[in-house]
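The values are calculated or read from the model by the stated rules, or taken from the named source; none is laboratory data. Being a predicted model, the structure only gives us computed values, none of them experimental. Don't worry about glycine lacking a Cβ; one is built from the backbone with ideal geometry, like all the others, and counts go over all protein chains shown.
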Amino acid sequence: MTFLPDSFRNRLALLFVGLALLVGLPTYLYLNHIYAAQLLRDRGGALRDLASAVAGVLGENLRERQREIELLAQSPLYRRAPLDSSDFRSSLERVQETYPQYSWIGLADAQGTVRAATGGMLVGQSVVKRPWFINGRQGPFFGDLHEALLLTKLLPPAEGQGPVRFIDFASPVFDEAGHLRGVLAAHAHWRWAAEVVQVMTPHDAATNGLDVFIVNQDNVVIYPDGQEKTLLAPDKAAFNPQSYTIDGWGDAISYLTATAPVREFIAGQSLGWRIVVRQPITRTLADVRHLQRVVLLSLAAATILFLALVWWSATRFSRPLERLAALAHRIEAGEEKTRLEVADAPQEIRGLAAALQDMADALLSHQEALAQSNAQLEEKVSERTAALAQANAELHQLARRDALTGLANRFAANERLQDEFLRMRRHGGSYGLLMLDIDFFKRINDTLGHAGGDEVLRHVAATLRTLVRESDFIARVGGEEFMVILPESSLADAARVGEKIRAGIAASQPPIDRQVTVSVGVALATPEQEDMDLAVRQADTQLYRAKEAGRNRVAGGPQSAT
């Protein structure tokens, strides 16, 4: 058969193909470009927010552990007691019971010999060549992930897990004269990272193909365990912490990827760790691809059917179809209410006209159905986006709130400190900073148990809320340690508030049968200070002075209050 430019068959074929494209092509192009791009942007932003939340919680957890070791190293027992005292092992094992992820905690003297340790492991052995001892002599130290060496033969292997891996926390121990006595160190088992990530990972992550990784500074995946040998992360230069990327991971699959750095928490020591969240592009765009297939199949089926009818009609009928062609062109021109009726045609032509009319109606109905389906899809995406935003808000709240007392946590305190410091640098003025510590809190825990200690913590938190202004900020920054920020205050103002807090808590009715008191360190942040942590360190120093002066007192004001 030969197609002529002005043949009846060509014209009719082009008409029906044009109708099919007119109905389906805009929908397909919308799904393929605009909607798919919007879905990628929304999902990329969600992945970025999830990575930032996990990085924040992980960094805060590391900071809490490091702070715990530093505070323990500064306690009176470690500053004064003879290194052969049996009290050291009891102290270390109490800390291990508080945080079971510590596989080993030990105290080495200045010559590198372990003098006390949990379970008695490595006691008497030299650790002089271990990085944590070398660096811990100089100051607080955090060691990157590594496999156990000296402890490999002492710790029982975990069935179904690979080599035992640790991260190290270390702090120097000084005597009252400031001379180095030794190094206190803890080896935390790497499984704690899995617990942190699992808590932060959405419950439907596996269903949605969502993966969360921890990547070290050498661009190797260190979580989940074993991935570093089978999965190569994209080069870190390709990541933008403020956005998301589409990358390959050494295989044929493309992933939507977002990253967030685990920030430095010891000055001068950078882990270089990043939280990387990824999802296969095919999973992200699964709904889009499904709709595209439906549209393409519908277009193909309709086009094939139309062409078959055209060729069959043109072969058997010619002249009556010219009338149908004219009517069809009118529909093509936008007169959708035009009826395909040929009154003087044979029964077959009339039947064809009726069939074509039904098809035109079906196409219009299909277009309306697609529009309705698209509206429903947009509504569903909007609902899921809102749900995701709510989940992100809840994650944001959880990452900044202490679950026991309801106060802000260390992470939120750091944010507020930065805001106050920047505001002070811009506008001048000063703000006060109080560091509070519950006196003899370990004795309360030892005698009344952790439940009693928790009651005391909640009581102190509730009392604090009644003793400060609404504009003041309260946070629980450690086990029994609290921070109060007093905007637009002088040192004398801060000292008066510190004394008010001390007296108020001492006079309060605690939930236990003994008096609860606090020691308070006072400091003032001024525009001349180079960083926001200086006032924190000064308040910490004053807190230790208050402790050493007998507790239940305030140190650091114009004059000490008792």
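Quickly run through region 78-90 and pick out the residues that are surrounded by 14 or more Cβ atoms within 10 Å (Cβ to Cβ) and either touching a Phe, Trp or Tyr at 6+ places or on another chain (Cβ under 8 Å) or in contact (Cβ under 8 Å) with a residue 60 or more places away in the chain (or both).
TYR78, ARG79, ALA81, LEU83, PHE88
Of everything in region 268-285 that's at pLDDT below 75 and not in a strand (DSSP E or B), which residue is nearest to VAL221 (Cα to Cα)?
LEU271
Count, please, the residues in region 91-122 that happen to be without any contact (Cβ under 8 Å) to a residue 12 or more places away in the chain and either farther than 18 Å from GLU64 by Cα or assigned by TED's automatic domain parsing to the domain that holds GLY449 (or both).
0
I want to confirm something. Restricting to region 433-466 and keeping residues that are in contact with an Asp or Glu (Cβ under 6 Å, 6 or more places away or on another chain) and assigned to a strand (DSSP E or B), which single residue is farthest from ASN552 (Cα to Cα)?
Out of the qualifying residues, it is MET435.
Restricting region 41-56 to residues that are in contact (Cβ under 8 Å) with a residue 24 or more places away in the chain and surrounded by fewer than 19 Cβ atoms within 10 Å (Cβ to Cβ), which is nearest to the chain's Cα centre (by Cα)?
Checked region 41-56; the qualifying residue nearest to the chain's Cα centre (by Cα) is GLY45.
Identify the single condition in (1) modelled with pLDDT under 75; (2) loosely packed, with under 13 Cβ neighbours inside 10 Å; (3) closer than 30 Å to LEU47 by Cβ that ASP344 does not satisfy, given that it satisfies every other one.
Going through (1) modelled with pLDDT under 75; (2) loosely packed, with under 13 Cβ neighbours inside 10 Å; (3) closer than 30 Å to LEU47 by Cβ one by one, ASP344 breaks only (3).
Please verify whether GLN509 is surrounded by 14 or more Cβ atoms within 10 Å (Cβ to Cβ) and not charged (D, E, K, R), treating the condition exactly as stated. I'd like the intermediate steps shown before the answer.
Working: surrounded by 14 or more Cβ atoms within 10 Å (Cβ to Cβ): no; not charged (D, E, K, R): yes.
Answer is no for this residue.
Any chance you could count how many residues in region 513-530 are outside any strand (DSSP E or B) and either in contact with a Lys or Arg (Cβ under 7 Å, 6 or more places away or on another chain) or more than 22 Å from GLY550 (Cα to Cα) (or both)?
Count: 6.
Quick check on region 200-217. Is at least one of its residues in a strand (DSSP E or B) and at pLDDT below 80?
no
Return yes or no: is ARG469 assigned to a loop (DSSP other than H, G, I, E, B) and over 25 Å from the mean Cα position of the chain (by Cα)?
yes
Could you list, in sequence order, all residues of region 168-184 that are among the acidic types (Asp, Glu), under 19 Å from GLY106 (Cβ atoms) and surrounded by fewer than 22 Cβ atoms within 10 Å (Cβ to Cβ)?
ASP175
Do any helices (runs of 4 or more DSSP H) lying entirely in region 33-130 carry at least 2 residues that are farther than 30 Å from ARG293 by Cβ and among the β-branched types (Val, Ile, Thr), and which ones are they?
36-73, 87-98
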